[in-house]
Amino acid sequence: MSLTDEQKKSFDDNGFLLVRQLFDFTIIEKLEVELKDIHERMAEHTPEGIGVSWESFDNPDQKPAIMQLMHSEVISPTLNEILRSDTVLDIVEELIGPEISLYHSKLLPKTAEVGRPIPWHQDYAYWKQEGNQPLMLNCQFAISAATTENGCIQFVPGSHKWGLQEHERARQAFGVFLKGHYHEREDAVAAEMGPGDAVFFGPLVIHGSAPNKSGSPRVMNTFAYNVTGNGTHQTREVLRGK
Ligand SMILES: O=C(O)CCC(=O)C(=O)O
C-alpha cells in the first residue's frame with residue numbers, strides 16, 4: 001500500500017495520519033485469542049523480557065490491570081508478524097525512509113469504566129538522548145474499537161512544529177508529561193478507530209487520552225520505529241535496509 005500525496009501532506013501538516021483497515025478481522029480474531037486473560041496471566045507470571053506497568057484502583061474489588069506491556073511482540077506472534085509486515089513497513093518507509101529499526105512494541109489496554117487518562121506529552125521527551133534526532137515514528141494499532149468514550153488517543157494537530165516542550169515527572173501516572181493533569185483541550189482532535197485501523201504519528205506531536213468511561217475495554221498496541229543509526233539505545237532490531 002502506498003500513501004497518496006494528500007495523506008503525506010496531512011501527516012506533514014498535522015503530525016499524525018489515520019489509516020483505515022490496515023488489517024482485517026482475521027488478524028483481530030487471532031490477537032483476541034493471543035491476548036485473552038492477559039492481565040491474569042501476566043499477574044501470575046511475567047515472562048523474561050517483558051516490562052509491565054500496572055494500574056491499581058481505589059475500589060478493592062477491582063483487580064490491578066495492565067496499563068502498559070512493553071515488548072508485546074514477545075508474547076504475541078501476531079503482533080510480531082504485524083510489526084514486521086510489508087503492510088506496516090511500506091507506510092513507515094514512506095514517512096521516515098528506508099532504514100528502519102524496531103524501537104519497541106507496547107500493548108496499551110485501558111480498563112472499562114476505570115481506565116485512567118494519559119496526560120498530554122510528546123514522546124521525544126522520553127526518547128531524546130545524546131546523538132539522536134526526533135525521527136522516530138509510532139504506529140498505534142487498534143485491536144478493539146477506540147472511541148472518545150473509551151479513551152482513544154487524541155492529538156493537537158500541528159504541534160509537532162512547536163519543538164520539544166517542557167515536561168515534568170507526574171505523580172498520577174507513570175512517565176513525563178506537559179504540566180498538569182489530563183484535561184480536555186479545544187485544540188485537540190480524537191483519533192477514533194475501529195479494530196484493524198491504525199494511526200501513525202511522530203515523536204513531537206502532542207498527544208494524550210481521556211479516561212475510559214465506557215463499559216468496554218480499549219486495547220491498542222503501539223509499534224515504534226526509528227531510523228537505523230539514529231541514536232544507539234533501544235534499537236531492538238533492524239527491520240529494513242542496512
Ligand atoms: O493511547 C493512549 O492512551 C496514549 C498512548 C501514548 O501516549 C503513547 O503511546 O505515547
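Rule-based calculations on the coordinates, nothing more; no lab input. This is a predicted model, so every value here is computed, not measured. When we count neighbours, we look across all protein chains shown, and the Cβ atoms used for this are built from the backbone with ideal geometry, even at glycine.
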Inset, instruction - Any chance you could run the full-extension gain for residue 187 through residue 43? It's 0.36 nm times the residue separation minus the Cα-Cα distance, nm to one decimal. - result: 48.0 nm
Inset, instruction - Could you work out the equivalent-ellipsoid semi-axes for the chain, taking the square root of 5 times each eigenvalue of the Cα gyration tensor, largest first, in whole Å? - result: 25, 21, 18
Legend entry - Simple spin-label estimate for residue 90 and residue 13 in nanometres, 7 Å along Cα-Cβ: 2.5 nm
Inset, instruction - Return P(r) of the range 17-138 (all Cα-Cα pairs; 10 Å bins starting at 0; whole %; ordered from short to long distances). - result: 10, 34, 38, 16, 2
Inset, instruction - Give a residue-ordered list of calculated ³J(HN,Hα) values for the range 226-231 (Karplus: 6.51 cos²θ - 1.76 cosθ + 1.60, θ = phi - 60°; whole Hz; x for Gly, Pro). - result: 10, 6, 3, x, 7, x
Legend entry - Gain upon complete extension [residue 168, residue 25; 0.36 nm per residue less C-alpha separation]: 47.5 nm
Legend entry - Cα-projected label distance for residue 179 with residue 59, points at 7 Å along beta-carbon direction, nm: 3.5 nm
Inset, instruction - At most 16 other Cβ atoms within 10 Å and a DSSP loop assignment: could you name the GluC sites (Glu not before Pro) in the range 1-79 that fit? - result: 48
Inset, instruction - Could you calculate the contour length gain from residue 238 to residue 1, that is, 0.36 nm times the residue separation minus the distance between their Cα atoms, to one decimal place in nm? - result: 83.2 nm
Inset, instruction - May I ask you to sort 149, 186, 168 by Cβ crowding, counting other Cβ atoms within 10 Å and putting the fewest first? - result: 186, 168, 149
Inset, instruction - Enumerate the amide H contacts of residue 216 below 5 Å, restricted to partners 5 or more residues apart or on another chain; note that Pro and chain-start residues carry no placed amide H. - result: 113
Inset, instruction - Rank these for me by crowding, 104, 45, going from fewest to most other beta carbons within 10 Å. - result: 45, 104
Inset, instruction - Using Cα positions and a limit of under 17 Å, work out the aspartates and glutamates in reach of residue 213, with same-chain residues fewer than 8 apart set aside. - result: 55, 58, 113, 149, 184, 192
